[in-house]
Amino acid sequence: MLASDKIHQFSKFTNQNIDLIVLNSSITELSNVDCIVNCTGPCFEHYGGVSKAITEAAGPKILKEYKNYNSQFGELEAGIVHDTHAFNLNQYKYILHVVTPKHKTYLEMIYSNLFTKCFNELNLESIAVPLIGTGLARRAINDCVNSLIESIRYLKNLTKNIKIYIVNNNPDQIKECLEILKNFLNPEINDNDKDKLDECPICLDNVSDAKKLNKCGHIFCKSCIDKSFNVKQVCPLCNMVYGVNEGNQPNGTMNIKILNLTLPGYDKSVNTIEISYLFPSGVQQANHPNPGQRYHGTQRVAYLPNDNDGKKVLGLLQKAFEKKLLFTIGQSRTTNRNNVVTWNDIHHKTSIDGGPANFGYPDNSYIQRVLAELADKGIQ
Amino acid sequence: MVSIATARIKREFKEVVTSDELTKCKIKLELLNDNFTELKGEIGGPPDTPYEGGTYQLEIKIPETYPFNPPKVRFLTKIWHPNISSVTGAICLDILKDQWAAAMTLRTVLLSLQALLATPEPDDPQDAVVANQYKTNNKIFVKTARHWTNIYAGSTLAAEPEFDSKVKQLIDMGFDNHKSRVALSSHLWNVEHAIESLYN
Ligand SMILES: [Zn+2]
Ligand SMILES: [Zn+2]
């Protein structure tokens, strides 16, 4: 790469062993980078100029790889990272292919999966990522950079120094990206903020040692906001989430169905809620016990009475599911198998009948118990 | 050193008692002890609601971790409302639970409670019986709520005298005054059903 391409380097980004380097360059012309990312379509079709440039530069052999993948696994799915050799782009060890997501909520997951693949599975030390979706998909740079920052913050247990390059050949976009990153690290208190320094929303006194939050821009005394974050990592004014209040439940689904039957112990007029959880197998992320290793998925069904108590529990379970708190990866208590998706201390009734001994109904105190277990996780 | 909790309550107390806007909304606040941990709130029932004309007393307890955790608030005045327990006065309101934010104040809480009286949320009930009645028998709900406002919250508006005679009927049978009123309110003022529930 040319020295002039290097726009900025953030060393020890988010206090980890990470150098984050912003480059105004073409992703096919880098050096000293282990792998680059190709954002493509489900059949590796060229949606944007960058993807086309990568494929052309890698040469015809990579087309055969694409074909092989599609015939073996079908379309490349959103969130899946597929690695191939770089062929003619032989300054790189790998090219990581992902599908440009339809919605911005997938961005963080895609960046996380890319980092897991690169640093944990392939054991590489550097990666060049584009601003995913800011090309043809016209997604806001802000969404993209914030997702990137969040996925970097989730990177844990790094044993070596790693380098993440953000590469884009549009100078305006790279400038915007840089501003977002700088503001994230050290939000500036500017003229517009002057009147906010009169009263800290927490102590209601003059702001002392002002601290501006990097996502929402609200200002507090440093000591006040530190105390507040100890209780809950959200902005006290707008509830913007800052910390990782979430669990490490892997990607999965939760579906609800109403069954026309009554659980033992309930009035005949009360029918039943059936919850189905599905977790496909996958690769453990940095916040799991064995990053890079595979985990075994699971499928579970649970039952609740469809009355006010049951609906209340269901609502809280849905909230806990969103917060990634219902399941975790570890050793199964029933089979002793390791690296499996297991319950995370919030008990479910997995049988309709048989009583407490068989994880079923009737069980008078179940609702109270599960509410207490949810409350222990901060869900109430 | 004065804790944040104490310093905050001092300021918030002043903010409420000196606010003309809040006086106009019939909102009051009273300190119950010197260390600013227990207060009594008062809100007027909002106009054009069954609570109009009523005055509601609130118990407010300030936790040590205030304002990082919400104040504990419950209704001392009995009220017939989907989000407030007719038995204990416990309140189901998101900002008093997980949606609390440290920048909220007693002023926010009192105004939110007044707003809750004007716009109940029956799908997130504290009192399931009341919520069900609100949804399926709204006319009776309104009459019952107004009756409770008259009996417990000091309103002088429409008293529903036939409700009173039904309560008296049950008292004459030896049942407790308030229990009789709850039973009748819960059973759409059907005397037989109310008696049945009191015997169970
Ligand atoms: Zn402060
Ligand atoms: Zn904020």
### Summary
If we ask which residues in segment A:218-272 are within 14 Å of chain B (Cβ to nearest Cβ), at pLDDT 85 or above and closer than 23 Å to residue A:108 by Cα, their number turns out to be 1
### Query
When the residues of segment B:83-108 are filtered to those that are surrounded by 15 or more Cβ atoms within 10 Å (Cβ to Cβ) and in contact (Cβ under 8 Å) with a residue 60 or more places away in the chain, which remaining residue is nearest to the other protein chains (Cβ to nearest Cβ)?
B:105
### Query
Which members of segment B:1-49 meet the condition of being of a type in the set (Lys, Arg) and within 14 Å of chain A (Cβ to nearest Cβ)?
B:8, B:10, B:11, B:14
## Note on the structure
Scanning segment A:68-87 residue by residue, the ones that are among the charged types (D, E, K, R) and either surrounded by 15 or more Cβ atoms within 10 Å (Cβ to Cβ) or at pLDDT 95 or above (or both) total 1
### Task
Just name the residue that is surrounded by the most Cβ atoms within 10 Å (Cβ to Cβ) out of those in segment A:185-206 that are within 13 Å of chain B (Cβ to nearest Cβ) and aliphatic (A, V, I, L, M).
A:202
### Message
Checking the structure you have, find out if any residue of segment B:67-75 is touching a residue at least 60 places away in the same chain (Cβ under 8 Å) and either more than 14 Å from every other protein chain (Cβ to nearest Cβ) or under 28 Å from residue A:308 (Cβ atoms) (or both).
### Response
no
### Residue count, segment B:109-126 (criterion: touching a strand residue (DSSP E or B) at 6+ places or on another chain (Cβ under 8 Å) and at the interface with chain A (Cβ under 10 Å from one of its Cβ atoms))
0
### Message
Please determine whether any residue of segment B:44-55 is surrounded by 21 or more Cβ atoms within 10 Å (Cβ to Cβ) and more than 13 Å from the chain's Cα centre (by Cα).
### Response
no
### Query
Which of the residues belonging to segment B:127-142 are of a type outside the set (S, T, N, Q), more than 11 Å from chain A (Cβ to nearest Cβ) and in contact (Cβ under 8 Å) with a residue 40 or more places away in the chain?
B:130, B:134, B:140, B:141, B:142
### Query
Among A:263, A:213, which is the only one that is surrounded by 15 or more Cβ atoms within 10 Å (Cβ to Cβ), in contact (Cβ under 8 Å) with a residue 12 or more places away in the chain and within 16 Å of ligand 1 (Cβ to nearest atom)?
A:213
### Summary
Scanning segment A:64-76 for residues that are assigned to a helix (DSSP H, G or I) and either in contact with a Lys or Arg (Cβ under 9 Å, 6 or more places away or on another chain) or under 16 Å from residue A:99 (Cα atoms) (or both) gives A:65, A:66, A:67, A:69, A:70, A:73
## Note on the structure
Within segment A:337-376, residues being among the basic types (Lys, Arg) and buried (at least 18 other Cβ atoms within 10 Å of the Cβ) number 1
### Query
Out of all the residues in segment A:301-342, which are within 14 Å of chain B (Cβ to nearest Cβ) and in a strand (DSSP E or B)?
A:305
### segment A:157-185, subset among the β-branched types (Val, Ile, Thr) and outside any strand (DSSP E or B), residue farthest from ligand 1 (Cβ to nearest atom)
A:159
### Message
Testing residue A:188 on (1) touching a strand residue (DSSP E or B) at 6+ places or on another chain (Cβ under 8 Å); (2) part of a helix (DSSP H, G or I); (3) away from ligand 2 (no atom under 15 Å from the Cβ), one condition comes back false. Which one is that?
### Response
(2)
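The values are calculated or read from the model by the stated rules, or taken from the named source; none is laboratory data. Note that the structure is predicted; figures quoted are calculated from it, not measured. All Cβ positions, glycine included, derive from the backbone under ideal geometry; neighbour counts span all protein chains shown.
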